[in-house]
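Just so it is clear, none of the values below were taken in a lab; they were calculated from the coordinates. For clarity, every value in this text was computed on a predicted model and none was experimentally measured. Using ideal geometry, Cβ is built from the backbone for each residue, glycine included, and neighbour counts are taken over all protein chains shown.
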Amino acid sequence: MKHLLSAKDLDHDAIVMVLDTAEAMAATQKHSIKKLPTLRGKTVVNLFFEDSTRTRLSFEAAAKRLSADVINFSAKGSSLSKGESLKDTAQTIMAMGADAVVVRHSASGAAHLLAHAGWINVPVLNAGDGTHQHPTQALLDAMTLRRWYAPGGPAGGAGRAADGSPAPRGRDLDGARVIIVGDVLHSRVARSNVDMLTHLGASVTLVAPPTLLPVGMEDWPCEVSYDFDGAIASVEPDAVMMLRVQRERMSAAGGGFFPSPAEYSRAYGLDALRRAAMPEHAIVMHPGPMNRGLEITAEAADDPRSRIIEQVGNGVSVRMAALYLLLADEGNQL
Ligand code: NCD
């Protein structure tokens with residue numbers, strides 16, 4: 001049984017296969033009839049123990065565009081202990097005849113548990129587990145970056161090769177430089193993107209205050225900085241990805257991660273001045289939902305180089321690709 005649990009599990013060729021499939025899916029979405037018969041007769045269960053707008057809607061849209069039936073199960077607020085509630089729910093899902101389960105849970109490792117505990121025998125797609133992994137988000141970010149930097153893309157291969165020379169850019173992200181800024185501590189998006197983007201040849205710099213960086217990052221394949229302005233100047237990024245300040249996880253931990261919102265914005269927020277300091281071709285990304293006025297100003301979010309809306313659209317394409325590769329009759333291709 002194959003699953004999509006972590007960006008770490010996907011090597012370069014597997015990522016490129018998903019992204020190429022996502023591009024093929026995106027091409028079908030330009031037609032007036034968007035529905036493909038590929039997963040007719042299959043049932044996808046969306047199991048969301050944590051809030052979600054984009055991820056849940058786009059998994060639902062993706063499954064429906066492939067003609068699967070979708071059952072949405074929002075289990076937020078369950079008071080059962082995590083292991084028990086997951087097991088009970090898993091058995092309910094199997095009784096309903098699910099062919100795949102999309103799961104989001106506040107506990108890191110929940111998707112892995114669901115996939116490997118022996119309760120169910122269908123593919124599990126991780127839609128975010130605690131602060132751990134969110135592989136389809138990293139895939140949609142990689143798709144967004146690759147579109148932008150591929151030769152023939154809107155930026156015409158504006159990125160650079162690793163030695164700094166203008167790149168005859170391949171289909172992946174060789175030489176692209178990405179800065180990821182903000183609440184890295186609580187971010188499954190940052191973790192997944194460090195794995196995914198480096199597998200594609202990009203270099204990643206994480207920028208955050210020391211209080212919002214996890215311990216034990218020595219073996220992460222990226223640079224780390226506390227200085228956003230310094231990183232913009234020295235990295236000359238092709239893309240800056242802003243992270244949401246995850247206040248719900250901070251208050252659960254008792255708060256105190258930064259002195260005040262204003263101070264956070266001053267040091268780590270993306271505003272028009274910092275946007276202007278970035279290379280002209282650099283794009284702005286954010287996984288959403290945004291705290292406008294905290295980690296990003298409205299002006300920066302709505303900048304012509306902002307790819308935030310495009311990211312959401314690409315999310316449907318990569319989720320169609322993932323469902324297709326795991327579930328179609330030719331399936332289990334991941
Ligand atoms: C992210 C998530 O849930 O991990 N959002 C998303 O999937 N679009 C990031 C976040 O909540 O900050």
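Just to be sure, is S234 in contact (Cβ under 8 Å) with a residue 24 or more places away in the chain, surrounded by fewer than 22 Cβ atoms within 10 Å (Cβ to Cβ) and in a helix (DSSP H, G or I)? I'd like the intermediate steps shown before the answer.
Working: in contact (Cβ under 8 Å) with a residue 24 or more places away in the chain: no; surrounded by fewer than 22 Cβ atoms within 10 Å (Cβ to Cβ): yes; in a helix (DSSP H, G or I): yes.
Considered against the rule, which asks whether it is in contact (Cβ under 8 Å) with a residue 24 or more places away in the chain, surrounded by fewer than 22 Cβ atoms within 10 Å (Cβ to Cβ) and in a helix (DSSP H, G or I), S234 comes out as no.
Filter region 96-138 for residues that are farther than 22 Å from D69 by Cα, aliphatic (A, V, I, L, M), assigned to a helix (DSSP H, G or I) and away from the ligand (no atom under 12 Å from the Cβ) and give the result.
A110, L113
Which of the residues that make up region 34-74 are assigned to a loop (DSSP other than H, G, I, E, B) and within 16 Å of the ligand (Cβ to nearest atom)?
Residues satisfying the conditions are F49, E50, D51, S52, T53.
Suppose we filter region 218-230 for residues that are closer than 13 Å to V184 by Cβ and either in a helix (DSSP H, G or I) or in contact with a Lys or Arg (Cβ under 6 Å, 6 or more places away or on another chain) (or both); how many remain?
Summing the residues that are closer than 13 Å to V184 by Cβ and either in a helix (DSSP H, G or I) or in contact with a Lys or Arg (Cβ under 6 Å, 6 or more places away or on another chain) (or both) in region 218-230 gives 1.
State whether one or more residues within region 2-13 are closer than 24 Å to Q91 by Cβ and within 16 Å of the ligand (Cβ to nearest atom).
Yes, region 2-13 contains a residue that is closer than 24 Å to Q91 by Cβ and within 16 Å of the ligand (Cβ to nearest atom).
Residue-wise test of (1) touching a helix residue (DSSP H, G or I) at 6+ places or on another chain (Cβ under 8 Å); (2) within 27 Å of S260 (Cβ to Cβ).
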position	(1), (2)
L185	yes, yes
H199	yes, no
L213	no, yes
E218	no, no
Y226	yes, yes
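Any residue in region 246-269 that's touching a residue at least 60 places away in the same chain (Cβ under 8 Å) and closer than 20 Å to G128 by Cα: show its pairings with residues that are within 15 Å of the ligand (Cβ to nearest atom) and of a type in the set (A, V, I, L, M, F, W, C) at Cβ separation under 8 Å, as long as the two are six or more apart or on different chains.
Note: pairs meeting the criteria are M250/F257.
Applying the selection to region 270-312, what residues are polar (S, T, N, Q) and either within 14 Å of the ligand (Cβ to nearest atom) or on the phi > 0 side of the Ramachandran plot (or both)?
N291, Q311
All but one of (1) closer than 30 Å to A98 by Cα; (2) within 14 Å of the ligand (Cβ to nearest atom); (3) surrounded by fewer than 19 Cβ atoms within 10 Å (Cβ to Cβ) hold for G315; which doesn't?
Of (1) closer than 30 Å to A98 by Cα; (2) within 14 Å of the ligand (Cβ to nearest atom); (3) surrounded by fewer than 19 Cβ atoms within 10 Å (Cβ to Cβ), only one is false for G315: (3).
Would a scan of region 247-254 turn up a residue that is in contact with a Cys (Cβ under 7 Å, 6 or more places away or on another chain) and either surrounded by fewer than 19 Cβ atoms within 10 Å (Cβ to Cβ) or under 22 Å from M285 (Cβ atoms) (or both)? Before the answer, list the steps.
Going through region 247-254, the residues in contact with a Cys (Cβ under 7 Å, 6 or more places away or on another chain) turn out to be none.
No.
Mind listing whichever residues of region 252-269 are away from the ligand (no atom under 16 Å from the Cβ) and small (G, A, S)?
G254, G255, G256, S260, A262, S265, A267
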